[in-house]
Amino acid sequence: MNDLLPDLCDHYEQDIHWLPLAMHDYGGRKVFYGEVVTLRCFEDNSLVRDIVSSPGKGKVLFIDGHGSSTKALLGDQLAMLAHKNGWEGIVINGAARDIATLATIDIGVKALGTCPIKTVKRQTGEQNVTLTVAHTLVYPGDMIYADLNGVIFSKEPLDLSVVPS
């Protein structure tokens with residue numbers, strides 16, 4: 001099931017919407033999906049730590065960092081914490097760092113790019129809000145599906161049995 005999205009898009013064309021961003025895959029897991037948890041923050045990953053410290057089984061954190069590439073919103077320590085707490089993946093409209101280590105952690109990580117610089121810690125941001133990223137609405141509670149082809153969303157869980165194994 002390496003190419004999940006093309007089959008889901010073919011079968012559920014009317015039920016999905018695609019995120020038209022060219023994202024890079026950095027995590028050890030290339031195919032991941034789950035319920036969307038949203039976070040809007042700018043160059044401050046304090047709330048990322050708070051969120052991934054909680055149980056995340058069946059969930060994917062979508063971080064809108066406003067496309068900034070001047071501070072990394074995720075690094076190896078937060079990715080390991082997310083993995084430990086069962087998160088399926090993290091999608092970042094922004095930058096990640098420690099990418100060699102991220103590739104060894106069994107969690108999905110997509111980001112626009114990399115930056116070696118850590119964020120400031122101001123405890124700022126908004127959790128579980130509707131985001132607009134690349135003219136696409138991202139709602140908390142929706143489903144997100146990601147693979148090397150990109151990212152799609154649906155209101156309801158999609159039946160993965162339509163995807164050949």
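Can you return the aspartates and glutamates within cross-link range of residue 84? Criterion is Cα-Cα under 19 Å, with same-chain partners fewer than 8 residues away left out.
Once the sequence-local aspartates and glutamates are set aside, what remains near residue 84 is 35, 50, 76, 98, 106.
Please report how far the C-alpha centroid of region 29-83 lies from that of region 92-165, rounded to the nearest whole angstrom.
If we compute the Cα centre of each part, the gap is 7 Å.
Can you pull the one-decimal nm distance between simple spin-label points at residue 136 and residue 30, each 7 Å off the Cα toward Cβ?
Taking the two extended label points, one gets 1.9 nm.
Which residues does the label zone of residue 100 cover in region 28-49, counting backbone N under 20 Å from a point 7 Å along Cα→Cβ?
28-29
Percent relative contact order of the chain, based on C-alpha pairs within less than 8 angstrom and at least six residues apart? Present the calculation step by step, with values, prior to reporting the outcome.
Working: 433 pairs, mean separation 58.5, N = 165.
Once divided by the residue count of the chain, the mean separation gives 35 percent.
222 nm [θ] for the chain, helices only, -39500 (n - 2.57) per DSSP H run of 4+, per residue, to 500?
Working: 4 runs with 28 residues, N = 165.
-4000 deg cm²/dmol, from helical runs alone.
Quick query: amide H of residue 142 versus all other amide H atoms, modeled in the peptide plane; which residues come in under 5 Å with a sequence gap of 5 or more or a different chain?
Amide H neighbours of residue 142, under 5 Å, 5+ apart: 36.
For the pair residue 70 and residue 11, how long in nm is the line joining their label points, each one 7 Å along Cα→Cβ?
4.5
Going down the list 30/118; 59/110; 30/110; 30/59; 30/155; 71/110, which pairs span over 19 Å between their C-alpha atoms? Don't skip to the end; give the middle numbers.
Numbers: 30/118 24 Å; 59/110 14 Å; 30/110 9 Å; 30/59 15 Å; 30/155 22 Å; 71/110 15 Å.
Those over the limit are 30/118; 30/155.
Quick check: residue separation of residue 3 and residue 54 times 0.36 nm, minus the Cα distance between them. What number comes out in nm?
Numbers: separation 51, 0.36 × 51 = 18.36 nm, distance 2.96 nm.
Between residue 3 and residue 54, full extension yields 15.4 nm more.
Find the eigenvalues of the gyration tensor of the Cα atoms of region 4-155, then list the square roots of 5 times those eigenvalues as equivalent ellipsoid semi-axes, largest first, in whole angstrom.
Details: eigenvalues 99, 52, 42 Å².
Semi-axes from the Cα gyration tensor: 22, 16, 14 Å.
Each reported figure results from applying straightforward, stated rules to the coordinates on display, with no laboratory input. Values in this document were obtained by computation on a predicted structure and should not be read as measured data. Glycine gets a Cβ as well: all are built from the backbone with ideal geometry, and neighbour counts include every protein chain shown.
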